[in-house]
(Lines give C-alpha, C1' and ligand atoms only; values in the text may rest on other atoms or scores of the structure.)
Protein backbone atom coordinates (compact mmCIF):
# COMPACT_ATOMS: atom_id res chain seq x y z
CA UNK A 1 0.00 0.00 0.00
CA UNK A 2 3.00 2.32 0.23
CA UNK A 3 2.89 3.03 -3.52
CA UNK A 4 -0.82 3.86 -3.34
CA UNK A 5 -0.11 6.28 -0.49
CA UNK A 6 2.58 7.99 -2.57
CA UNK A 7 0.22 8.40 -5.52
CA UNK A 8 -2.69 9.66 -3.44
CA UNK A 9 -0.55 12.20 -1.66
CA UNK A 10 0.49 13.53 -5.07
CA UNK A 11 -3.06 14.76 -5.68
CA UNK A 12 -3.37 16.75 -2.46
CA UNK A 13 -2.06 19.98 -3.99
CA UNK A 14 -3.90 19.84 -7.32
CA UNK A 15 -6.77 22.00 -6.13
CA UNK A 16 -4.40 24.67 -4.86
CA UNK A 17 -2.39 25.01 -8.08
CA UNK A 18 -4.07 27.90 -9.92
CA UNK A 19 -3.58 28.44 -13.62
CA UNK A 20 -1.79 25.15 -14.28
CA UNK A 21 -2.83 22.08 -16.23
CA UNK A 22 -4.01 19.52 -13.71
CA UNK A 23 -2.41 16.55 -15.50
CA UNK A 24 0.97 18.30 -15.54
CA UNK A 25 0.78 19.20 -11.86
CA UNK A 26 -0.13 15.62 -10.94
CA UNK A 27 2.73 14.18 -13.00
CA UNK A 28 5.19 16.57 -11.35
CA UNK A 29 3.94 15.71 -7.86
CA UNK A 30 4.15 11.95 -8.49
CA UNK A 31 7.64 12.17 -9.99
CA UNK A 32 8.92 14.13 -6.99
CA UNK A 33 7.72 11.45 -4.56
CA UNK A 34 9.30 8.53 -6.44
CA UNK A 35 12.99 7.72 -6.77
CA UNK A 36 12.57 7.97 -10.54
CA UNK A 37 10.25 6.97 -13.36
CA UNK A 38 11.13 6.37 -17.01
CA UNK A 39 7.73 7.16 -18.55
CA UNK A 40 4.68 8.62 -16.85
CA UNK A 41 1.27 9.73 -18.09
CA UNK A 42 -1.48 11.08 -15.86
CA UNK A 43 -4.97 11.95 -17.02
CA UNK A 44 -7.52 13.70 -14.84
CA UNK A 45 -10.74 13.49 -16.83
CA UNK A 46 -12.85 16.56 -17.61
CA UNK A 47 -13.05 18.09 -14.15
CA UNK A 48 -14.14 21.77 -14.09
CA UNK A 49 -12.02 23.97 -11.86
CA UNK A 50 -14.87 24.63 -9.44
CA UNK A 51 -15.15 20.88 -8.76
CA UNK A 52 -11.42 20.69 -8.04
CA UNK A 53 -11.75 23.48 -5.52
CA UNK A 54 -14.56 21.49 -3.87
CA UNK A 55 -12.32 18.43 -3.70
CA UNK A 56 -14.01 16.48 -6.51
CA UNK A 57 -12.31 14.67 -9.41
CA UNK A 58 -14.27 12.64 -11.97
CA UNK A 59 -11.64 10.04 -12.77
CA UNK A 60 -7.87 9.61 -12.58
CA UNK A 61 -5.80 7.33 -14.80
CA UNK A 62 -2.07 6.72 -14.46
CA UNK A 63 0.21 4.73 -16.77
CA UNK A 64 3.92 4.34 -16.02
CA UNK A 65 6.89 2.37 -17.29
CA UNK A 66 10.09 1.84 -15.36
CA UNK A 67 8.71 3.10 -12.05
CA UNK A 68 11.11 3.07 -9.07
CA UNK A 69 9.41 3.60 -5.68
CA UNK A 70 12.87 3.02 -4.15
CA UNK A 71 16.26 2.73 -5.89
CA UNK A 72 16.37 -1.06 -5.59
CA UNK A 73 12.92 -1.83 -7.00
CA UNK A 74 11.81 -1.31 -10.61
CA UNK A 75 8.21 -1.89 -11.66
CA UNK A 76 8.19 -2.53 -15.40
CA UNK A 77 4.57 -1.49 -15.96
CA UNK A 78 2.13 0.19 -13.62
CA UNK A 79 -1.45 1.22 -14.38
CA UNK A 80 -3.98 2.78 -12.03
CA UNK A 81 -7.55 3.98 -12.36
CA UNK A 82 -9.55 5.75 -9.66
CA UNK A 83 -13.30 6.18 -9.72
CA UNK A 84 -14.74 9.60 -8.79
CA UNK A 85 -12.91 11.17 -5.85
CA UNK A 86 -14.70 13.36 -3.31
CA UNK A 87 -12.71 14.75 -0.38
CA UNK A 88 -12.96 17.49 2.20
CA UNK A 89 -9.85 19.50 1.33
CA UNK A 90 -9.88 21.33 4.66
CA UNK A 91 -9.45 18.04 6.53
CA UNK A 92 -7.62 15.98 3.93
CA UNK A 93 -4.43 14.36 5.22
CA UNK A 94 -2.51 11.12 5.07
CA UNK A 95 -1.85 9.35 8.35
CA UNK A 96 1.42 7.61 7.42
CA UNK A 97 1.82 5.42 10.54
CA UNK A 98 -1.72 4.10 10.22
CA UNK A 99 -1.76 4.21 6.40
CA UNK A 100 -5.10 5.97 6.55
CA UNK A 101 -6.61 8.73 4.42
CA UNK A 102 -8.56 11.29 6.41
CA UNK A 103 -11.04 13.58 4.70
CA UNK A 104 -12.78 11.18 2.31
CA UNK A 105 -16.45 11.97 1.72
CA UNK A 106 -17.10 8.76 -0.20
CA UNK A 107 -15.31 5.42 -0.58
CA UNK A 108 -12.20 5.58 -2.69
CA UNK A 109 -12.14 2.86 -5.37
CA UNK A 110 -8.85 2.04 -7.07
CA UNK A 111 -7.88 -0.58 -9.66
CA UNK A 112 -4.16 -1.25 -10.17
CA UNK A 113 -2.10 -3.46 -12.48
CA UNK A 114 1.58 -4.30 -11.97
CA UNK A 115 4.09 -6.05 -14.22
CA UNK A 116 7.46 -7.18 -12.81
CA UNK A 117 10.15 -8.75 -14.99
CA UNK A 118 12.41 -11.55 -13.84
CA UNK A 119 15.45 -9.37 -14.52
CA UNK A 120 14.15 -6.51 -12.39
CA UNK A 121 13.25 -8.81 -9.51
CA UNK A 122 16.71 -10.40 -9.53
CA UNK A 123 18.30 -6.97 -9.61
CA UNK A 124 16.26 -6.05 -6.53
CA UNK A 125 17.17 -9.29 -4.75
CA UNK A 126 20.86 -8.50 -5.13
CA UNK A 127 20.55 -5.02 -3.65
CA UNK A 128 21.72 -4.16 -0.11
CA UNK A 129 18.43 -2.33 0.48
CA UNK A 130 16.48 -5.61 0.36
CA UNK A 131 19.11 -8.01 1.70
CA UNK A 132 18.13 -7.72 5.37
CA UNK A 133 14.41 -8.07 4.62
CA UNK A 134 15.03 -11.12 2.45
CA UNK A 135 17.05 -12.83 5.18
CA UNK A 136 14.27 -12.20 7.70
CA UNK A 137 11.76 -13.66 5.25
CA UNK A 138 13.93 -16.74 4.73
CA UNK A 139 14.14 -17.29 8.50
CA UNK A 140 10.36 -17.63 8.52
CA UNK A 141 10.81 -20.97 6.74
CA UNK A 142 11.74 -22.35 10.14
CA UNK A 143 8.68 -22.78 12.35
CA UNK A 144 10.51 -23.18 15.65
CA UNK A 145 12.52 -20.68 17.65
CA UNK A 146 15.42 -23.13 17.97
CA UNK A 147 15.69 -23.62 14.22
CA UNK A 148 15.37 -19.88 13.62
CA UNK A 149 18.26 -19.17 15.99
CA UNK A 150 20.37 -21.76 14.20
CA UNK A 151 19.43 -20.38 10.78
CA UNK A 152 20.38 -16.85 11.84
CA UNK A 153 24.02 -17.96 11.54
CA UNK A 154 23.57 -17.99 7.76
CA UNK A 155 23.35 -15.19 5.21
CA UNK A 156 21.94 -15.32 1.69
CA UNK A 157 24.40 -15.21 -1.21
CA UNK A 158 23.30 -14.50 -4.80
CA UNK A 159 19.53 -15.02 -4.45
CA UNK A 160 17.79 -15.49 -7.80
CA UNK A 161 14.24 -16.10 -8.98
CA UNK A 162 13.24 -17.91 -12.17
CA UNK A 163 9.80 -17.98 -13.76
CA UNK A 164 9.07 -21.49 -15.01
CA UNK A 165 5.77 -20.92 -16.79
CA UNK A 166 2.38 -22.35 -15.89
CA UNK A 167 2.35 -20.06 -12.85
CA UNK A 168 5.35 -21.75 -11.24
CA UNK A 169 8.34 -19.98 -9.70
CA UNK A 170 11.77 -21.16 -8.54
CA UNK A 171 13.85 -19.31 -5.96
CA UNK A 172 17.50 -20.28 -5.43
CA UNK A 173 20.16 -18.95 -3.11
CA UNK A 174 23.31 -20.05 -1.31
CA UNK A 175 23.39 -20.05 2.48
CA UNK A 176 26.79 -19.02 3.81
CA UNK A 177 27.50 -19.62 7.49
CA UNK A 178 28.88 -16.46 9.02
CA UNK A 179 32.62 -16.78 9.61
CA UNK A 180 33.00 -19.93 7.49
CA UNK A 181 33.51 -20.68 3.79
CA UNK A 182 31.10 -23.61 3.52
CA UNK A 183 27.84 -22.96 1.70
CA UNK A 184 24.50 -24.70 1.31
CA UNK A 185 22.27 -24.44 -1.73
CA UNK A 186 18.63 -23.65 -0.97
CA UNK A 187 15.99 -24.14 -3.68
CA UNK A 188 12.31 -23.32 -3.32
CA UNK A 189 9.93 -24.16 -6.16
CA UNK A 190 6.18 -23.63 -6.08
CA UNK A 191 3.11 -22.88 -8.09
CA UNK A 192 1.09 -19.79 -7.26
CA UNK A 193 -2.58 -18.92 -7.59
CA UNK A 194 -5.11 -16.51 -6.13
CA UNK A 195 -6.15 -17.88 -2.76
CA UNK A 196 -8.85 -17.48 -0.12
CA UNK A 197 -11.36 -14.70 -0.85
CA UNK A 198 -8.91 -13.30 -3.44
CA UNK A 199 -6.96 -11.78 -0.55
CA UNK A 200 -3.71 -13.72 -0.75
CA UNK A 201 -1.46 -15.72 -3.02
CA UNK A 202 -1.71 -19.46 -2.40
CA UNK A 203 1.27 -21.78 -2.90
CA UNK A 204 0.63 -24.89 -5.03
CA UNK A 205 2.72 -28.04 -4.43
CA UNK A 206 5.67 -26.20 -2.87
CA UNK A 207 9.03 -27.99 -2.76
CA UNK A 208 12.06 -27.06 -0.66
CA UNK A 209 15.47 -28.61 -1.32
CA UNK A 210 18.82 -28.20 0.41
CA UNK A 211 21.83 -29.21 -1.69
CA UNK A 212 19.37 -30.74 -4.19
CA UNK A 213 17.87 -33.04 -1.56
CA UNK A 214 14.33 -32.74 -0.19
CA UNK A 215 14.34 -30.62 2.94
CA UNK A 216 12.65 -31.76 6.18
CA UNK A 217 8.90 -31.26 6.35
CA UNK A 218 9.13 -28.26 8.68
CA UNK A 219 10.71 -26.25 5.85
CA UNK A 220 7.63 -26.68 3.66
CA UNK A 221 5.29 -26.01 6.58
CA UNK A 222 7.25 -22.87 7.40
CA UNK A 223 7.06 -21.71 3.78
CA UNK A 224 3.28 -22.13 3.69
CA UNK A 225 2.93 -20.37 7.06
CA UNK A 226 5.08 -17.49 5.79
CA UNK A 227 2.93 -17.08 2.68
CA UNK A 228 -0.22 -17.00 4.83
CA UNK A 229 1.10 -13.89 6.59
CA UNK A 230 0.88 -11.92 3.35
CA UNK A 231 -2.90 -11.68 3.56
CA UNK A 232 -4.64 -8.51 2.38
CA UNK A 233 -7.37 -9.04 4.97
CA UNK A 234 -4.97 -7.56 7.53
CA UNK A 235 -5.61 -4.14 5.97
CA UNK A 236 -9.29 -4.28 6.82
CA UNK A 237 -8.70 -2.97 10.35
CA UNK A 238 -7.71 0.30 8.65
CA UNK A 239 -10.82 0.26 6.46
CA UNK A 240 -8.97 -0.94 3.36
CA UNK A 241 -10.50 -3.81 1.41
CA UNK A 242 -8.23 -5.34 -1.22
CA UNK A 243 -8.66 -8.15 -3.71
CA UNK A 244 -6.24 -9.84 -6.10
CA UNK A 245 -8.05 -9.91 -9.45
CA UNK A 246 -5.31 -11.44 -11.58
CA UNK A 247 -2.03 -13.29 -11.03
CA UNK A 248 -0.15 -14.59 -14.05
CA UNK A 249 3.43 -15.83 -14.37
CA UNK A 250 4.28 -16.04 -18.04
CA UNK A 251 7.63 -15.97 -19.83
CA UNK A 252 9.96 -13.56 -18.09
CA UNK A 253 7.32 -11.57 -16.23
CA UNK A 254 4.63 -11.72 -13.60
CA UNK A 255 1.42 -9.69 -13.84
CA UNK A 256 -0.84 -8.82 -10.93
CA UNK A 257 -4.08 -6.83 -10.81
CA UNK A 258 -5.52 -5.49 -7.56
CA UNK A 259 -8.73 -3.78 -6.51
CA UNK A 260 -8.67 -1.51 -3.45
CA UNK A 261 -11.54 0.14 -1.60
CA UNK A 262 -10.85 2.68 1.14
CA UNK A 263 -13.87 3.39 3.37
CA UNK A 264 -14.38 6.92 4.76
CA UNK A 265 -15.91 5.68 8.02
CA UNK A 266 -12.76 3.76 8.89
CA UNK A 267 -10.60 6.86 8.92
CA UNK A 268 -12.93 9.16 10.79
CA UNK A 269 -13.48 11.28 7.73
CA UNK A 270 -17.22 11.81 7.60
CA UNK A 271 -18.28 15.38 7.12
CA UNK A 272 -21.15 16.54 9.39
CA UNK A 273 -24.45 16.64 7.58
CA UNK A 274 -23.39 14.27 4.78
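When the stretch 238-254 is limited to residues that are over 13 Å from residue 196 (Cα atoms) and surrounded by fewer than 16 Cβ atoms within 10 Å (Cβ to Cβ), the one that is nearest to the chain's Cα centre (by Cα) turns out to be 246. For the stretch 255-274, a residue qualifies if it is modelled with pLDDT under 85 and surrounded by fewer than 17 Cβ atoms within 10 Å (Cβ to Cβ), and the qualifying residues are 265, 268, 270, 271, 272, 273, 274.
Screening 70, 14, 53 for residues that are under 30 Å from residue 233 (Cβ atoms) and either modelled with pLDDT under 85 or touching a helix residue (DSSP H, G or I) at 6+ places or on another chain (Cβ under 8 Å) (or both) leaves exactly one candidate, 70. Considering only residues in the stretch 48-62 that are touching a strand residue (DSSP E or B) at 6+ places or on another chain (Cβ under 7 Å) and touching a residue at least 24 places away in the same chain (Cβ under 8 Å), the one that is nearest to residue 119 (Cα to Cα) turns out to be 62. For the stretch 35-60: of the residues being surrounded by 15 or more Cβ atoms within 10 Å (Cβ to Cβ) and farther than 19 Å from residue 101 by Cα, which is farthest from the chain's Cα centre (by Cα)? Applying the filter and picking the extreme gives 51. Whether a residue is surrounded by fewer than 18 Cβ atoms within 10 Å (Cβ to Cβ), touching a residue at least 40 places away in the same chain (Cβ under 8 Å), in contact with a strand residue (DSSP E or B) (Cβ under 9 Å, 6 or more places away or on another chain) and not in a strand (DSSP E or B) was assessed, and residue 226 does not pass this test.
The residues in the stretch 235-253 that are out of contact with any helix residue (DSSP H, G or I) (no Cβ under 8 Å at 6 or more places or on another chain) and at pLDDT 85 or above can be counted, and the count is 7. Among the residues of the stretch 158-192, those that are on the phi > 0 side of the Ramachandran plot and either surrounded by 15 or more Cβ atoms within 10 Å (Cβ to Cβ) or in a strand (DSSP E or B) (or both) comprise 158, 165, 167. Any residue that is outside any loop (DSSP other than H, G, I, E, B) and within 24 Å of residue 154 (Cβ to Cβ) - is there at least one of those in the stretch 193-204? Within the stretch 193-204, one or more residues are outside any loop (DSSP other than H, G, I, E, B) and within 24 Å of residue 154 (Cβ to Cβ).
The values are calculated or read from the model by the stated rules, or taken from the named source; none is laboratory data. Keep in mind it's a predicted model, so treat the numbers as computed, not measured. Glycine also receives a Cβ, built like all others from the backbone with ideal geometry; neighbour counts cover every protein chain displayed.
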